[in-house]
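Each value in this text was obtained by applying a stated rule to the coordinates, not by laboratory testing. Predicted, not measured: the structure shown is a model, and the values here were computed from it. Neighbour counts run over all protein chains shown; Cβ positions are idealised from the backbone, glycine included.
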Amino acid sequence: MNVRFEPASRLRGTLAPPPDKSISHRAAMLAAMCDEPVHVRNYLDAQDTNSTLLALRALGAIVDARPDELVIRGAGLRGVEEPGATIDVGNAGTLMRLLPGWLAAQAGKAFTLDGDASIRRRPVDRIAEPLRLMGAGIEAQAGRFAPFTVRGGDLRGIDYELPVASAQVKSCVLLAGLAAAGETVVREPAPSRDHTERMLLRAGAPVAREDGRVRIRAVDELELESITVPGDLSSAAFVIAAAVLVPGSRVVLEDVGVNWTRTGFLRIIERMGAVVLADLEPEDGPLHAVEPVCEVDVAAGSLQGTIVEADEVGLAIDELPLVALLGCFADGETVVRGAAELRVKESDRIATVVDGLRALGGAIEATPDGFAVTGTGGLDGGRIEAHGDHRLAMLGAVAGLASRTGVEVAGMEAASVSYPRFAEDLAALA
């Protein structure tokens with residue numbers, strides 16, 4: 001589906017972004033790992049998160065979809081049913097990388113996971129290595145791609161150092177650690193999202209964080225009565241970027257999750273000159289069992305180029321394409337380094353973002369682990385391919401609002417993976 005986005009005169013209004021995709025995935029999985037029913041409120045109704053619900057049903061969980069909540073009755077930590085067919089993860093990379101941590105603890109059982117064409121290009125070797133060290137079996141295509149099979153075993157705790165900061169790999173190992181003998185330690189080279197740790201802490205798991213290490217020990221069961229999913233800052237970021245780029249704009253985002261491991265983008269754009277008013281959680285604070293939520297008020301500003309270093313990447317990984325877009329409108333050069341992880345997202349987001357912005361008139365060059373953008377005062381417009389990537393589709397829409405002549409997005413339907421009403425919400429603000 002091709003959709004054209006014309007230049008906007010300004011964006012004004014108040015908007016509640018969709019529920020957080022990362023937290024929705026985790027809430028459903030953790031609920032299914034509990035022995036008693038869990039009420040999940042404000043769950044994201046989108047392709048990726050619905051894939052998680054289908055996967056949990058295949059594993060024996062009962063998911064009761066009510067008007068305002070889900071009630072999930074799970075199988076507990078070690079009572080997963082062995083399905084008679086392949087588990088389809090769709091396009092959900094979070095599901096593909098987190099679920100095996102739980103499945104690895106199902107001794108004597110085997111589970112095969114597969115997904116769409118994009119999933120089959122996304123490696124799983126980073127979860128396979130620690131799970132094998134813990135005692136599970138992993139058999140993947142070419143050693144690192146879906147479809148792959150997880151064979152559950154009697155797990156043992158390990159002390160594992162992540163080769164790159166990754167919340168998904170960290171979460172997979174921690175979930176396996178819930179059923180592993182001894183202590184499991186994950187060492188991070190830089191901070192990454194901590195939604196899993198917070199949720200585990202809330203569920204009664206003995207999890208702790210200190211000096212770049214996360215520790216967990218086995219438990220008999222998890223207990224959660226209810227979880228309310230906050231608004232998704234990664235989805236809100238596209239509206240925020242539009243408000244920053246379109247002169248005369250001011251937009252208020254309501255009930256946004258502002259966990260400090262997710263607010264890197266806001267700190268980057270403030271450094272670039274955007275006006276952002278929000279009560280953000282302090283950086284690198286203690287581990288809490290709750291997700292902080294606040295209102296984010298943003299307005300257009302005069303932008304300056306900036307450098308995003310590797311230690312910031314994990315806190316803004318999904319928003320880095322927007323940093324490239326903002327760099328096209330900023331004075332000077334904008335550089336992102338240490339972001340090779342972008343190459344194994346729904347698309348190679350370094351290549352697709354660079355090609356896409358160049359097609360719109362941007363001066364941008366790819367590097368092995370990021371990109372360098374020279375600000376030229378804006379973008380002319382044209383056509384951009386989404387390549388089946390929801391973030392790229394939304395990037396093209398924002399570029400169209402801020403461009404001189406408008407942008408046609410080829411494959412706009414990809415946005416439904418995380419933000420089904422994105423085009424309508426933008427239109428309402430314009």
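Quick rundown of the values:
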| read-out | value |
| --- | --- |
| Cut-off under 5 Å, modelled amide H: who pairs with Leu155 long-range | Ala181 |
| Relative contact order for the chain, counting Cα pairs under 8 Å that sit 6 or more residues apart, in percent | 18 percent |
| Three-way shape label, segment 21-228, alpha-carbon gyration tensor, a/c 1.5 | rounded |
| Förster radius 45 Å - calculated FRET efficiency between Ala366 and Glu210 (Cβ-Cβ, nearest 0.05) | 0.75 |
| Relative contact order computed over segment 21-228 (Cα-Cα under 8 Å; 6+ residues apart), in percent | 20 percent |
| Cross-link partners of Lys345 among lysines (Cα-Cα below 26 Å; sequence separation of 8 or more within a chain) | Lys21, Lys170 |
| Chain lengthening between Asp279 and Arg57 when straightened (0.36 nm per residue, less Cα-Cα) | 76.1 nm |
| Segment 66-189, relative contact order [Cα under 8 Å, separation at least 6], % | 26 percent |
| Whether segment 1-128 is rounded, prolate or oblate, judged on the alpha carbon gyration tensor where a/c under 1.5 counts as rounded | oblate |
| Compactness of segment 294-430 as Cα Rg over 2.2 N^0.38 Å, two decimals | 0.99 |
| Among 51-64, 10-23, the order from most to least packed when residues are scored by Cβ within 10 Å on average | 10-23, 51-64 |
| Within segment 68-99, backbone nitrogen closer than 20 Å to the virtual label 7 Å beyond the Cα of Arg121 toward Cβ | 89-97 |
| Residue exposure sequence - Val207, Val354, Val71 - by fewest surrounding Cβ within 10 Å | Val71, Val354, Val207 |
| Net charge dipole size for segment 21-228 [Lys, Arg +1 and Asp, Glu -1 on Cβ; Debye, nearest 20] | 500 debye |
| Dipole magnitude of segment 216-364 about its Cα centre (Cβ charges: Lys, Arg +1; Asp, Glu -1), debye to nearest 20 | 820 debye |
| Per-peptide average of other Cβ atoms within 10 Å, ordering 114-120, 317-323 highest first | 317-323, 114-120 |
| Between segment 377-416 and segment 114-163, the Cα center-to-center distance that results, in Å | 34 Å |
| Per-q log10 I(q)/I(0), segment 221-297, q = 0.11, 0.12, 0.21 Å⁻¹ (Debye; single scatterer per alpha-carbon; no solvent) | -0.32, -0.37, -0.95 |
| Helical mean residue ellipticity (222 nm; -39500 (n - 2.57) per DSSP H run of 4+; nearest 500) of the chain | -9000 deg cm²/dmol |
| Charge-dipole axis of segment 21-228 as Lys and Arg at +1 and Asp and Glu at -1 on Cβ define it, positive-most pick from Met33, Ala208, Thr149 | Thr149 |
| Listed residues Pro123, Leu113, Ile62: farthest to the positive end of the dipole of segment 21-228 (Cβ charges) | Pro123 |
